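Take a look at the structure set out below.
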Amino acid sequence: MAYDFDVVVIGAGPGGYVAAIRAAQNGLKVACIEKRGTLGGTCLNVGCIPSKALLHASEKYEEVTSGQLKTYGISIKDVKFDLEDMMSDKNETVKQLTGGIEFLFKKNKVEWIKGYGRFQDAHTLEVEAEDGSKRTVTTRNTIIATGSDVVSLPGVAIDGEIVVSSDQAIALPKVPEHLVVIGGGVIGLELGSVWRRLGAKVTVVEYLDRILPTMDGEVSKEMGRILKKQGMDIKTATKVVAVEVDNKGKKRGAVVRVEPAQGGAAEEIKCDVVLMAIGRRPFLDGLNLDKVGVAVDERGRVKVNHDFSTSVPGIYAIGDAIPGPMLAHKAEDEGVACADNIAGLNGIVNHDVIPSVVYTMPEVASVGKTEEELKAAGVKYKAGKFPFLANSRAKANHDTQGFVKVLADAATDRVLGVHIIGSLAGTMIAQAAQAMEFGASSEDIALTCHAHPTHSEAMKEAAMAAHAKPIHI
Ligand code: FAD
Ligand code: NAD
């Protein structure tokens, strides 16, 4: 049977647009259905990119206002910022990058079908445009790359003004006086940092006993200390029992009622904005997956096999819509592998080596197993740790917070995990991921020549410390 397309991708986020481009590079006829007015998905429009633009801008502002630059004899008077200008710069970056994907689609002859896609059967998709008009396309293969959406606490509505999600927290019209963040995960700490730097009082309420609970325990403990020192109020082991919104009175805002997670005396926190940041859910709404028989798991994620095929032949799924960390680079790699598999090539993603970065200052970066995971699995390991305080470049830059920790198998020395807190942690983690992908031992890292003076030398020294032979400490 002749189909209109070899591959149709639903969703143009980092998973979907990358899959579409790679499928086209593989010589297939490809379309990508996207309901949003611009390409790039959550990541480019309301996620990674706008949040990083604001993190960068607010970091520059804090660098000046905190007096850090006085160390170098630089003083600047009358420092101010214009929030509208800051937002325009962020919006311009988003516009350029989303436009860039449109250019790449044209270059690779990927057709963008604008509208909401849904299955009619396993090889037929209906696309409803914003004006209500409908188009039906047939396809040999479909990739579900519909991403994820915000979740809220039961009974708490996100109104977009007083109770907001990250979608609005990257575009608040003014700096809140008091921002309460529910959830001490990645979004809470990144966007909490942005608004704290710009002048808001920020209180983070985390249900578990530590922020960044999936990270290495030592790392999350140290980051909690650093962020508190920066002025963030962090309440761990605390549960939100109610959020009461007053959107009519003179002083619009909310009262967040919290109490210790294990029970105890309740406390009221008054604020003008509440950021809901307790995680995201796969977004599969309206796709008619049950009609075509695509199986989902108990957490609403599309079940996939190793090659990203689903329970229905010809239908694949990638990115935030399937199990695994909700990260743009994970979605991208799955997009490439899935498109290669459809073309009969050998597409593989090593889910044991997906780095993850929190773009606070200092940054937090991690790849592989944490100490807690190794202990729970009964794996014998050795740990090498090196603080930036003993790294010459960090010292010269007055940038000494954090450390590098290398975890290696006690018997084979194979690197099992690397965890970093440091201003350049997000960039440095690539080396660790590559080492792990190549099956490196910590000795391999220790014997690799690292340029001096660089922060990366801390990675080498941490690897040397795994053999109890660091030089500079
Ligand atoms: P998405 O990017 O969510 O894209 C899915 C697309 O599908 C959307 O554009 C949606 O409109 C479209 N769609 C859905 N259903 C349909 C349909 N039926 N028909 C047509 N179109 C449809 N990750 C990182 O790695 N680094 C970061 O720094 C980072 N920062 C983030 C900051 C924030 C504030 C947020 C919210 C997320 C961040 N993430 C980050 C996570 C990252 O954005 C996601 O992991 C990534 O976007 C997932 O890619 P995806 O392609 O699976 O889905
Ligand atoms: P998250 O899973 O990172 O953090 C959610 C936090 O909320 C956790 O610490 C959790 O324990 C806590 N929590 C859950 N229920 C709670 C409750 N009832 N009360 C208080 N705390 C509660 O989720 P997120 O920060 O919302 O981010 C969503 C996704 O977006 C994540 O999967 C993340 O990977 C991705 N993201 C990534 C980046 C990045 O890579 N730098 C940045 C932003 C978002």
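The values are calculated or read from the model by the stated rules, or taken from the named source; none is laboratory data. Note that the structure is a prediction, hence the values are computed from the model and not measured. Neighbour counts run over all protein chains shown; Cβ positions are idealised from the backbone, glycine included.
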Sort through LEU179, LEU125, LEU191, LEU153 and tell me the only one that's over 20 Å from the mean Cα position of the chain (by Cα) and within 11 Å of ligand 1 (Cβ to nearest atom). LEU125
If you take just the helices (runs of 4 or more DSSP H) that sit entirely in region 293-411, which of them hold at least 1 residues that are polar (S, T, N, Q)? 328-342, 392-396
Looking at (1) outside any helix (DSSP H, G or I); (2) within 15 Å of ligand 2 (Cβ to nearest atom); (3) of a type in the set (A, V, I, L, M), can you tell me which one LEU55 breaks? (1)
Listed residues ASP216, ASP246, ASP233, ASP285; which is more than 10 Å from ligand 2 (Cβ to nearest atom) and closer than 30 Å to ILE143 by Cα? ASP285
Which of the residues belonging to region 82-122 are surrounded by 13 or more Cβ atoms within 10 Å (Cβ to Cβ) and either part of a strand (DSSP E or B) or over 27 Å from the mean Cα position of the chain (by Cα) (or both)? ASN108, GLU111, TRP112, ILE113, LYS114, TYR116, GLY117, ARG118, PHE119, GLN120, ALA122
Any chance PHE308 is under 28 Å from ILE429 (Cα atoms) and in contact with a strand residue (DSSP E or B) (Cβ under 6 Å, 6 or more places away or on another chain): yes
For THR203, which of the numbered conditions (1) more than 22 Å from SER88 (Cα to Cα); (2) more than 18 Å from the chain's Cα centre (by Cα); (3) within 16 Å of ligand 1 (Cβ to nearest atom) fails to hold? (3)
Test of understanding: among ASP399, ASP352, which residue is closer than 27 Å to PHE283 by Cβ, away from ligand 1 (no atom under 12 Å from the Cβ), outside the structural domain of ILE49 (by TED's automatic domain parsing) and not β-branched (Val, Ile, Thr)? ASP352
Look at GLY217 and say whether it is modelled with pLDDT of 95 or more and either within 14 Å of ligand 1 (Cβ to nearest atom) or buried (at least 21 other Cβ atoms within 10 Å of the Cβ) (or both). no
Taking the condition within 15 Å of ligand 2 (Cβ to nearest atom), surrounded by fewer than 18 Cβ atoms within 10 Å (Cβ to Cβ) and of a type in the set (Ser, Thr, Tyr), does THR238 pass? no
